[in-house]
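Enquirer: Just passing along the structure, written as structure tokens.
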Amino acid sequence: MSETENNEEYLKFIEELKAKSRRCDKCGYFHEYYIGDVGYLQKAEFGWCGLLKKDVKYSDGCERFDYRRYKNLSLLAIDKRLCEMIEELTEIRRIIKEQS
């Protein structure tokens, strides 16, 4: 195989990877639909695109793709710990009030 053919195959492979990573289910505008009964839900193969305002398949994609952003888990952990500390301080305050 020549070097040119290798380069073409590589570029084709990279384009396929980019196309797969820009699927609707990875986009911030995509909202999944769930199908099921009480206590049992399964992801549907389609959802709502908040940008295009229509139903789309999760494997589709478009030029306006925007990566989905997730909440910072460390901030959630800090928030949880702060709530626990507030509860502890409230309990200490109650005990001090009872003793005085």
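The values are calculated or read from the model by the stated rules, or taken from the named source; none is laboratory data. Just so it is clear, the structure is predicted and the values come from calculations on it, not from any experiment. Note that we place each Cβ from the backbone using ideal geometry, even for glycine, and neighbour counts take in every protein chain shown.
Enquirer: Step by step: first the residues of the stretch 53-84, then only those that are under 28 Å from residue 16 (Cα atoms), modelled with pLDDT of 80 or more and of a type in the set (Lys, Arg), then the one that is surrounded by the most Cβ atoms within 10 Å (Cβ to Cβ). Which residue is that?
Expert: In this case the residue turns out to be 57.
Enquirer: With the structure loaded, tell me whether residue 50 is out of contact with any His (no Cβ under 7 Å at 6 or more places or on another chain) and either surrounded by 11 or more Cβ atoms within 10 Å (Cβ to Cβ) or under 19 Å from residue 25 (Cα atoms) (or both) or whether it fails that test. So that I can check it myself, show each step before the final result.
Expert: Values: out of contact with any His (no Cβ under 7 Å at 6 or more places or on another chain): no; either surrounded by 11 or more Cβ atoms within 10 Å (Cβ to Cβ) or under 19 Å from residue 25 (Cα atoms) (or both): yes.
For residue 50, the condition - out of contact with any His (no Cβ under 7 Å at 6 or more places or on another chain) and either surrounded by 11 or more Cβ atoms within 10 Å (Cβ to Cβ) or under 19 Å from residue 25 (Cα atoms) (or both) - is not met.
Enquirer: Of the residues that make up the stretch 30-52, is at least one within 30 Å of residue 16 (Cβ to Cβ), modelled with pLDDT of 80 or more, in contact with a strand residue (DSSP E or B) (Cβ under 7 Å, 6 or more places away or on another chain) and assigned to a helix (DSSP H, G or I)?
Expert: For the stretch 30-52, residues within 30 Å of residue 16 (Cβ to Cβ), modelled with pLDDT of 80 or more, in contact with a strand residue (DSSP E or B) (Cβ under 7 Å, 6 or more places away or on another chain) and assigned to a helix (DSSP H, G or I): absent.
Enquirer: Still on this structure, please answer the following. Show the residue pairs that are 6+ apart or on different chains and have beta-carbon atoms under 7 Å apart, the first residue being within the stretch 67-79 and closer than 20 Å to residue 27 by Cβ and among the basic types (Lys, Arg), the second being at pLDDT 75 or above and surrounded by 10 or more Cβ atoms within 10 Å (Cβ to Cβ).
Expert: Every condition considered, the pairs that remain are 68/26; 68/27; 68/28; 69/28.
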